[in-house]
Structure formats: C-alpha cells, structure tokens
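Undergrad: Structure provided below as structure tokens; questions to follow.
Nothing in this text is a laboratory measurement; each read-out follows from the coordinates by a stated rule. None of these values were measured; they are calculated from a predicted model. All Cβ positions, glycine included, derive from the backbone under ideal geometry; neighbour counts span all protein chains shown.
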Protein chains: 2
Amino acid sequence: MIFALEYAFRAFSEDEVPIGAIILDPKSGKIITAQHNQMRCSGNPIAHAEICAITEACRILNQQRLNGYVLYVTLEPCPMCAQAISFARLDKVIFGAYDPKGGGIIHGPRIFDQSTCYFQSEIIGGVHEEACQNILKDFFISKR
Amino acid sequence: MIFALEYAFRAFSEDEVPIGAIILDPKSGKIITAQHNQMRCSGNPIAHAEICAITEACRILNQQRLNGYVLYVTLEPCPMCAQAISFARLDKVIFGAYDPKGGGIIHGPRIFDQSTCYFQSEIIGGVHEEACQNILKDFFISKR
C-alpha cells in the first residue's frame with residue numbers, strides 16, 4: 001500500500017486527484033503495474049487508477065483475466081471500478097480509505113453483493129487508512 | 001440505433017460479443033463516434049462498446065464531459081458502463097435489449113437510482129429491442 005500511496009503522491013504532483021493503484025503477483029511479490037488516477041491528463045472521466053491498472057496489467061500479461069493477482073488501491077473503488085475488478089477476476093482487493101460518498105463496494109450499490117455480480121473478489125479495507133485519506137484531504141484543501 | 005446495430009454486426013464478424021454503441025450530437029445529428037465491444041481484440045475485459053465510445057468521444061471532442069450528447073447502445077449497459085455514463089455526464093442513454101442477467105440500469109444495482117450517483121442520465125430502453133436481442137442470441141448459438 002505504501003507503493004500505491006507513492007503513486008497517489010505522484011498524481012498529486014501532477015494535479016490529479018491523488019489515488020494510486022498497483023497490481024501485484026502475491027506469489028512472487030512482483031508488481032505488474034503501478035498507476036495513478038489519470039482523468040485530467042488523459043481527459044477521460046473513466047481513467048481512474050484501478051481502470052488504468054487493470055488495462056495495463058492485461059496488456060503486460062497478455063491476458064483478459066487477472067485471477068491470482070491482487071489489487072492495492074488507496075481509496076475504496078467506485079461502482080465502475082468495482083464492476084471492472086469483477087470482470088477482470090482479480091482475486092483480492094486491498095484498499096486504504098473508505099469512501100461513503102462515492103464507493104461501490106462497502107458503500108453505494110455494493111457491487112460484489114449484487115446477485116448479478118458473478119465474480120466476487122476478497123475485500124480488505126482500511127489498510128493505511130489515515131495516510132490514504134489525508135492525501136485526499138490535503139489535495140482538496142489545496143483546491144479551495 | 002440502426003447504426004449502433006451495424007457496429008454490433010461488425011463485432012460479430014470479428015468474433016466479439018455483438019454490442020454496438022454510438023455517441024451522437026442530437027442538435028446537429030452528427031455521430032461523434034461509433035464503437036463496438038472490443039474485449040477480445042484488445043484483450044481488455046473493460047473494453048465494452050460504451051467504454052470505448054466514451055473514451056473516443058472525449059478524445060475527439062477534447063473534453064472530459066459529454067453533456068448535451070446522447071449514447072445509443074444495443075444492450076442495457078452493465079453497472080461499470082452505467083457508472084461511466086454518469087461520470088461522463090451523457091444527457092441521454094437509449095438502449096436496445098434489456099439485460100436481466102448483467103444490466104446495471106433497469107436491473108442489478110440500478111446505478112442511476114443510487115443515492116451516491118450524482119448525475120442521472122435520461123434513460124430509454126427497448127428501442128429496436130428484438131433486433132438487438134437476436135444478434136446476441138445468434139452469436140451465442142454460434143458458440144455452442
């Protein structure tokens with residue numbers, strides 16, 4: 001998660017909402033890809049850190065499914081990203097801060113609890129929660 | 001919708017699940033982009049027709065938000081695409097076939113009805129429903 005946070009800081013320095021995500025092979029400990037939110041630089045409202053990480057991991061591994069891999073992300077994924085995680089078949093999602101306003105796993109539509117969600121990833125939330133929350137708070141304070 | 005269906009047929013001929021999407025400027029009648037499902041050719045589980053169309057329209061128009069534009073898509077968008085549509089601020093979504101198993105607007109998490117969904121697009125479903133449904137049926141029959 002520290003490494004995902006590093007990417008959140010990188011986003012901050014590029015004036016993007018500071019969220020970082022990495023996809024890791026838990027067996028080897030190898031990081032497949034590290035991405036941050038790229039909505040502003042790409043001009044694409046879909047370019048959340050998780051979407052960028054899944055797209056990049058599938059490209060690098062040359063496979064459509066990421067069974068066996070783990071996603072670390074600094075903020076609870078939104079409904080779009082939660083569904084994308086399910087489509088990508090990521091084994092596990094470990095996130096930092098909870099997101100009552102925009103989250104889609106523990107909050108909002110709770111994507112993985114829907115009967116129409118055919119693949120449930122294991123979820124662990126609140127890892128390095130304070131640090132992940134603080135960088136977002138600092139970013140939005142800097143925007144006021 | 002006929003033009004979106006044409007893209008669904010194009011997907012079929014490329015061995016992709018046949019779903020087509022177009023983004024249109026309703027004032028001028030100009031089609032901004034026409035896309036089909038590209039999961040197989042891109043090796044990306046996220047490359048649904050709607051995601052490809054939003055990404056491409058934002059790139060072409062050089063803007064992150066698509067207020068004023070309309071999305072036509074041959075199948076009810078899934079939860080991932082429904083949330084992406086909300087993020088992209090598309091005014092209206094007109095879809096063909098309903099999708100009780102995987103849809104995210106009328107079925108499943110009903111993304112636009114969630115209190116955490118901050119932008120609701122106008123939704124019209126069932127347009128050229130039978131044709132949009134039949135091409136999907138024919139595709140899956142051909143896969144048996």
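Undergrad: What aspartates and glutamates does B:Lys30 reach when the alpha-carbon gap must be under 18 Å and sequence neighbours fewer than 8 apart in one chain are set aside?
TA: Partners found: B:Glu6, B:Glu50, B:Glu56, B:Asp91.
Undergrad: Let me ask something additional. In square nanometres and to one decimal, what's the mean projected area of the convex hull around the Cα atoms of segment B:8-141? Present the calculation step by step, with values, prior to reporting the outcome.
TA: Values: hull surface 31.1 nm².
Seen from a random direction, the Cα hull of segment B:8-141 projects 7.8 nm² on average.
Undergrad: Please determine, in degrees from 0 to 90 and to the nearest 10, the orientation of helix A:129-143 with respect to the longest principal axis defined by the Cα atoms of chain A, where the helix direction is its Cα long axis.
TA: 50 degrees
Undergrad: Another question, if that's okay. Can you work out the FRET efficiency for the pair A:Ser28 and B:Asp15, with r the C-beta to C-beta distance and R0 = 25 Å, to the nearest 0.05?
TA: The value I calculate is 0.15.
Undergrad: OK, next. At R0 = 30 Å, how high is the FRET efficiency between B:Ile123 and A:Asp91 if r is their beta carbon distance? Nearest 0.05 is fine.
TA: Working from the Cβ atoms, E equals 0.30.
Undergrad: For a test of the definition: using alpha carbon positions, the gyration tensor, and the 1.5 limit on a/c, classify segment A:89-132 as rounded, prolate or oblate.
TA: Numbers: a/c = 3.72, a/b = 1.48, b/c = 2.51.
Because a/c hits 1.5 or more and a/b fails to exceed b/c, segment A:89-132 counts as oblate.
Undergrad: Between A:Arg110 and A:Asn62, 0.36 nm times their residue separation minus their Cα-Cα distance comes to what?
TA: 14.3 nm
Undergrad: In what sequence, highest mean first, do B:111-118, A:76-83 appear when ranked by Cβ atoms within 10 angstrom?
TA: A:76-83, B:111-118
Undergrad: Taking a label point 7 Å from Cα toward Cβ, how far is B:Glu130 from its twins in the other copies, in nm, shortest first?
TA: Distances between equivalent label points, in nm: 6.5.
Undergrad: Compute the helix-to-body angle for B:79-88: its Cα long axis versus the longest principal axis of chain B, expressed 0 to 90° and rounded to tens.
TA: Here the helix axis deviates by roughly 40 degrees.
Undergrad: Hey, what number do you get for chain A at 222 nm if only DSSP H runs of n ≥ 4 count, each worth -39500 (n - 2.57), divided across all residues, to the nearest 500?
TA: Using -39500 (n - 2.57) per qualifying helix, the result is -11500 deg cm²/dmol.
Undergrad: Let me ask something additional. For segment B:5-47, what is the Kirkwood hydrodynamic radius in Å, using each pair of distinct C-alpha atoms?
TA: The answer is 10.8 Å.
Undergrad: Which pairs break 23 Å Cα to Cα here: A:Lys92/B:Lys92; A:Lys137/B:Lys92; B:Lys27/B:Lys137; B:Lys101/B:Lys137?
TA: On the way: A:Lys92/B:Lys92 35 Å; A:Lys137/B:Lys92 33 Å; B:Lys27/B:Lys137 34 Å; B:Lys101/B:Lys137 14 Å.
Going by Cα-Cα distance, A:Lys92/B:Lys92; A:Lys137/B:Lys92; B:Lys27/B:Lys137 fall outside the 23 Å limit.
Undergrad: From the label point of B:Asp25, set 7 Å along Cα to the beta carbon, how far off in nm is each other copy's matching point, shortest first?
TA: 4.8
Undergrad: How far is helix A:49-61 tilted, in degrees, relative to the longest principal axis of the Cα atoms in chain A, given as a value from 0 to 90 rounded to the nearest 10?
TA: So the inclination is approximately 40 degrees.
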